[in-house]
Amino acid sequence: MTAPRLLLSCCVLMSVLAGCRDKTVPQVPEKVVGHCTYTNKFSNLEECRDYLGEWSDTEATENCKDEGATVVLGSACGIEERLGYCFLEGDKDDQWQRITFPGVNAEKCASMQRGCELFGGGVFDPAPVCGGKVVDLGDTGLPTFQQPVLTCVDPKAGEAPGQSEGGKVCTWEMISGATEPGRSFSDYASCDRVRTQRPYYPVPPAPDAEREDPRLKDPVYVAEVNWVRSQIEATACVCCHSTRAPKGPSNWYVESPGNFINSFNPRGLAMGAGWINTVGFGAYRPEHNNGFSRASPERPNDSIFVTTDAARIARFFEAELLQRGYKREDYTSQPYGAGPLDDQRFYRPTTCENGEGISADGTLNWRGGKARYVYVLEQEATSPTVPPNLDLPEGTLWRIDVPADGTPVASGSVRYGVVPAGMSQRFPASGSPATLTSGKTYYLYVLADIIVPVTRCLFVAP
């Protein structure tokens, strides 16, 4: 049993997203099974976690071990100088975690609340140093998601002409984008844009990544490794999985000494082999992406890696897993690999409350803060997630966006079918959206930014 980690840096897409509900501090069990003091691997800040209620000693021990620490059974954290608590429900009834954020710097209160509620899915209880008040979380405190753009430039000196008009090399600046085969993505697109679209943070490679690998004496194997590396170099993966990343590589990386494949953890290999479904990360069609593709709703068993040969790259990663002693059956309990992206894609909204929805004059009302993206969808539509192929699901009736450099809009400032100044209508491409039918149920979906929902609920058109 692993508790959701609170990611207090830029790790919005690796977190468990909060639903749309009132953030009232829960009544938690008085029984204290133990506590765990650890360093959050993403924020690099110390935290302390109490295990409350129906935790067994073994469950608490294993949970703390997952954080790289040792549980202390029979006592609570007991930290007096704190910014607040974060309450998270466990996997069983009457099982809770109470996470203490140590500190006395009130300037950090909002980020602690954000980490708990927006990214951890919990409830924040601020300490007196924070004024005892929660704040409006419409401002995520993260880099604003930069929508993908297609960049067309001349080839680098000494390289062959590009495949696009005028010999240009055209590349989508998107995490699922790829430049032309044999070229380097970072030469033809902005990794700065890409890193706003995914959480980037440095993470150590797999243990013993630099070990001597006798397979590098096999020219056939070396040729295959080099092909895999060249495929990855042509894609946006190198924006984070390279020593060229601003703070260092995130886990595996293409320059890892020896055999770079040894820097992968098994789960990453399983995604590469298609043993774990990674459709939720989003994908371009190959004809729009220089021949590269990856797992998509049409091809759900393909690799997470953007490639020109899905079967070949899957065979390579499957062989690596088998060589390490893993079988496909080892991952049957992990059917999906996109984490919160999958959570959001499969999310089913409940009835709007507290005045959320649409009023008789068409005004849209929501809770949770200001918005950059506003959708009205059919009741049964799939929840939208990420571009390029999962952010306009079938059943979208209306979508309006605030540009990356624009100012988010407040609840009550938008009327259905009327695009406010400073926003653009993404759907429909032109003209007015379909008229809502009185008495019919629709889905209101509002985001502070991509994958940061503030309201997701069903309303009845007046």
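Throughout, read-outs are computed from the coordinates displayed, never taken from laboratory work. Only a predicted model underlies this, so the values are computations on that prediction, with no experimental measurement involved. Positions of Cβ are backbone-derived with ideal geometry, glycine not excepted, and every protein chain shown enters the neighbour counts.
The H on the amide N of Phe264, modeled in the peptide plane, is under 5 Å from the matching H of Ala206, each at least 5 residues off or on a different chain. Here the label points at Ala360 and Ser75, each 7 Å from Cα along the C-beta direction, are separated by 6.4 nm in the simple model.
Between Ala448 and Arg372, Val454, the built amide H atoms are under 5 Å apart, and every one of these is 5 or more places off in sequence or on another chain.
Among Trp96, Trp172, which comes first, then next, by fewest other beta-carbon atoms within 10 Å? Don't skip to the end; give the middle numbers.
Values: Trp96 21, Trp172 24.
If I rank by nearby Cβ atoms, fewest first, I get Trp96, Trp172.
Full extension of the chain segment joining Arg315 with Asn44 gains 93.9 nm, where the gain is 0.36 nm per residue of separation less the Cα-Cα distance. Counting only aspartates and glutamates at least 8 places from Lys440 when in the same chain, those with an alpha carbon closer than 19 Å to its own are Glu353, Glu356, Asp361, Glu378, Glu380, Glu394. Our coupling estimate for segment 168-182, obtained by passing each phi through the Karplus curve with A = 6.51, B = -1.76, C = 1.60 and θ = phi - 60°, is 6, 9, 10, 9, 6, 7, 8, 4, 9, x, 8, 8, 6, x, x Hz, Gly and Pro reported as x.
Of Lys168/Lys247; Lys247/Lys327; Lys92/Lys370; Lys65/Lys92, which ones are farther than 26 Å apart at the Cα?
The answer is Lys168/Lys247; Lys247/Lys327; Lys92/Lys370.
What does the helix-only formula give at 222 nm for the chain: each DSSP H stretch with n ≥ 4 adding -39500 (n - 2.57), the total divided by the residues, and the result rounded to the nearest 500 deg cm²/dmol? That calculation yields -4000 deg cm²/dmol at 222 nm.
Taking a temperature of 10 °C and a viscosity of 1.306 mPa s, what whole-number D in µm²/s does Stokes-Einstein yield for segment 238-327 with Rh from Kirkwood over alpha carbon pairs? Each step should come with its number before you reach the end.
Details: Rh = 13.7 Å.
Taking Rh from Cα pairs, D becomes 116 µm²/s.
Applying a DSSP loop filter and a limit of 13 other Cβ atoms within 10 Å to the chymotrypsin sites (Phe, Trp or Tyr not before Pro) in segment 262-356 leaves Phe346.
Ranked for footprinting exposure by Cβ neighbours inside 10 Å, fewest first, Ser430, Ser164, Ser75, Ser411 give Ser430, Ser75, Ser164, Ser411. Extending 7 Å from Cα along the Cβ direction at Glu165 and again at Gln323 yields two label points whose distance is 4.5 nm. Which residues does the label zone of Val129 cover in segment 70-104, counting backbone N under 11 Å from a point 7 Å along Cα→Cβ? Of the residues in segment 70-104, 80-84, 101-104 have backbone N under 11 Å from the label point off Val129.
Percent of Cα-Cα pairs more than 20 Å apart in segment 347-460, please. Of all Cα-Cα pairs in segment 347-460, 32 percent lie more than 20 Å apart.
Give, in nm to one decimal, the length gained when the segment between Asp154 and Asn301 is fully stretched (0.36 nm per residue of separation minus the Cα-Cα distance). Can you show the working numbers first?
Details: separation 147, 0.36 × 147 = 52.92 nm, distance 3.53 nm.
Answer, rounded to one decimal: 49.4 nm.
Between Thr351 and Ala410, the simple label model (points 7 Å from Cα in the Cβ direction) yields a spacing of 2.9 nm. Does segment 212-269 come out rounded, prolate or oblate by the C-alpha gyration tensor, with a ≥ b ≥ c the root eigenvalues, rounded set by a/c under 1.5 and, if not, prolate when a/b is larger than b/c and oblate if not? In terms of gyration-tensor shape, prolate. Put simply, the convex hull of the Cα atoms in the chain casts, on average, a shadow of 24.5 nm².
Couplings for segment 244-260, taken from phi via the Karplus curve 6.51 cos²θ - 1.76 cosθ + 1.60 with θ = phi - 60°, read 6, 5, x, 10, x, x, 9, 6, 5, 7, 5, 9, 3, x, x, 8, 5 Hz in order; Gly and Pro are left as x. For segment 150-331, the fraction of C-alpha pairs more than 28 angstrom apart is 22%.
Computed 3J(HN,Hα) for segment 371-376, one whole-Hz value per residue from the Karplus formula 6.51 cos²θ - 1.76 cosθ + 1.60 where θ = phi - 60°, is 10, 9, 9, 10, 10, 10, glycine and proline marked x. Compute the separation of the alpha-carbon centres of segment 280-322 and segment 403-450 and state it in Å as a whole number. So the separation of the two Cα centres works out to 34 Å.
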